[in-house]
Amino acid sequence: MAYPIGLQSILQISMRGTCDGQEFISLFYYLLWAGNVPDGAQTAEDAATAFMAGGAAGNAYLPCIGNDVVDIQCEAQWIAPSRYVKVREPGGPYAGQAASATRSANIAAALTKRGDQASRHSIGTLHMPAVPDDFITNGLVSAGGQADYLNLALNLDDILVPGVGIELRPVIYNRADYTNSVRITNATVQQTIRTARRRTVGRGS
């Protein structure tokens, strides 16, 4: 049964895959700013499709992932104020498009997301898993890696339009008060490679 979604709701889009037996998840958040959404599941699927389209963030994500990762799924889920069932983008699974395979499953790169205000709620980090071998030079992101990560960073502030009149704005998700999630206005690439964070055994980044 179709369910309606109200303005100021948060849509989470995840890129989920496995690298050397470690599951990784990269999360992107969007706030429903405008439009009528009578069917939340369909709009979530349409948003995921728009996210993976040419020139969008999901499409720019794939060249940043080692070419040995071949099972990346894109999923969308309304998470606030109410949590609904995930829907899967129908075009997947996707493969990493980097020229080289992953260096190691336990390292990651990072992109810093920012809003316009100088506050702790106006900054966030997107951890990038499955770092390609040729993206690393002496513990730093190589020039080629910088170029691909920068291309993704430049797409992180793009608005998604999954339907006529519907506008989803990219935000830094505020879990304590989702209605005050800050819109992303720019993003930059951090220079250093870091150890990937793990929450449980068998899961990474």
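To the nearest 10 degrees, how steeply does helix 40-51 sit against the main Cα axis of the chain, on a 0 to 90 scale?
40
Using the C-alpha atoms of the range 92-205, what convex hull volume per residue, in cubic angstrom, is computed?
147
To test your reading of the geometry: what angle, between 0 and 90 degrees and rounded to tens, separates the Cα axis of helix 143-153 from the longest principal axis of the chain?
Around 10 degrees separate the two axes.
Taking other Cβ within 10 Å of each residue's Cβ, how do Lys86, Lys113 sort, fewest first?
Values: Lys86 17, Lys113 23.
The fewest-first ordering by Cβ neighbours comes to Lys86, Lys113.
To make sure I understand, if each residue's beta carbon is the centre and we count other beta carbons within 10 Å, what order do His121, His127 fall in, fewest to most?
With the fewest neighbours first, His121, His127 line up as His121, His127.
Within the range 103-133, find all residues whose amide N lies under 12 Å from a label point positioned 7 Å from the Cα of Arg183 along Cα-to-beta-carbon.
115-117
Quick one: if you stick a label point 7 Å off each Cα along the C-beta vector at Asp39 and Ile25, how many nm between them?
With each label placed 7 Å out from Cα toward Cβ, I get 2.7 nm.
Once you have all Cα-Cα distances for the range 10-195, histogram them in 5 Å bins from zero and send the whole-percent values.
1, 9, 17, 20, 20, 16, 10, 4, 1, 0, 0
Hey, what number do you get for the chain at 222 nm if only DSSP H runs of n ≥ 4 count, each worth -39500 (n - 2.57), divided across all residues, to the nearest 500? Don't skip to the end; give the middle numbers.
Values: 3 runs with 28 residues, N = 205.
For the chain, the value works out to -4000 deg cm²/dmol.
Do any trypsin sites (Lys or Arg not before Pro) in the range 151-196 lie in a loop, going by DSSP, with at most 13 other beta-carbon atoms within 10 Å of their beta carbon, and if so which?
Numbers: sites: Arg175, Arg183, Arg194; in loops: Arg175.
In loop regions of the range 151-196 (DSSP not H, G, I, E or B), the sparsely surrounded trypsin sites (Lys or Arg not before Pro) are Arg175.
Going by how many other beta carbons lie within 10 Å of each one, how would you line up Met15, Met128, Met1, fewest first?
Details: Met15 25, Met128 29, Met1 4.
Result, fewest neighbours first: Met1, Met15, Met128.
Report ³J(HN,Hα) in whole Hz for each residue of the range 21-33, in order, from the Karplus equation J = 6.51 cos²θ - 1.76 cosθ + 1.60 where θ = phi - 60°; Gly and Pro get x.
The phi angles translate into x, 9, 6, 10, 9, 10, 10, 10, 10, 9, 9, 6, 9 Hz.
Explain nothing, just compute: Karplus ³J(HN,Hα) = 6.51 cos²θ - 1.76 cosθ + 1.60, θ = phi - 60°, for every residue of the range 75-85 in order, whole Hz, x for Gly and Pro.
For the range 75-85, the Karplus curve yields 10, 10, 7, 6, 10, 8, x, 10, 9, 10, 5 Hz.
Express the relative contact order of the range 10-195 as a whole percentage, based on alpha carbon pairs under 8 Å and six or more residues apart in sequence. List each step's numbers first, then the result.
Numbers: 452 pairs, mean separation 48.6, N = 186.
Reported relative contact order: 26 percent.
Do any chymotrypsin sites (Phe, Trp or Tyr not before Pro) in the range 1-34 lie in a loop, going by DSSP, with at most 15 other beta-carbon atoms within 10 Å of their beta carbon, and if so which?
Values: sites: Phe24, Phe28, Tyr29, Tyr30, Trp33; in loops: none.
Nothing satisfies the criteria.
How much net charge surrounds Val189 when only the other residues with a Cβ under 12 Å from the Cβ of Val189 are counted, with Lys and Arg +1 and Asp and Glu -1?
Here the charged neighbours net out to 0.
Every number in this text was worked out from the coordinates using simple rules, so none of it is lab data. The structure displayed is predicted, hence computed values, not measured ones. Backbone-built Cβ (ideal geometry, glycine too); neighbour counts: all protein chains shown.
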